[in-house]
Amino acid sequence: MVEDQNLIDREEISQAVRTCVAQSLALDPDKISMDSRLVDQLGADSLDFLDFIFALEKKFGIKLSREGLEQLLRADFLENDLTDQDYLSSEAVERLSEWMPELRGAPERDKVTPRQLYSYITLESLAIMVELRLRAVDPTEAEVDSGG
């Protein structure tokens, strides 16, 4: 468990994510990068994702919101998250882009299906999830980040 979450920097989070993913997938951490795609490039599956989350929670002493990840893994989207053609709505894509930056570069953002989302999850996505959660733990930090 981390003693002072305010002292955790992005590099420490990135290193922990790389180590966690490498151990779980039996890969050399030096052979993967933060923009490595977990499914397409590293061969991760849904059980691996749960392993990543549990390991990161233990490492940082936090509870990560599984809502977005579980929604994605189950392809369980609300009715207003999908268009009539079963593509993700622009609002859903924007919301998911917050922790899946690779999604911002999707060739046709208006034609992304829930199934395609797997290919946009990277190590960076996991690091962002951890960082957002750590930031949410300290409300004073959120005030500073908002420019207030």
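The values are calculated or read from the model by the stated rules, or taken from the named source; none is laboratory data. None of the values given here were measured: they were computed from a predicted structure. Backbone-built Cβ (ideal geometry, glycine too); neighbour counts: all protein chains shown.
Key figures for this structure:
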| item | result |
| --- | --- |
| Pairs where the first residue, in the stretch 116-136, is charged (D, E, K, R) and at pLDDT 85 or above and the second is surrounded by 19 or more Cβ atoms within 10 Å (Cβ to Cβ) and assigned to a helix (DSSP H, G or I), C-beta under 6 Å, 6+ apart | Glu131/Ile13 |
| Helices (runs of 4 or more DSSP H) fully within the stretch 1-112 counting 1 or more residues that are farther than 20 Å from Arg133 by Cα, touching a helix residue (DSSP H, G or I) at 6+ places or on another chain (Cβ under 7 Å) and at pLDDT below 85 | 46-60 |
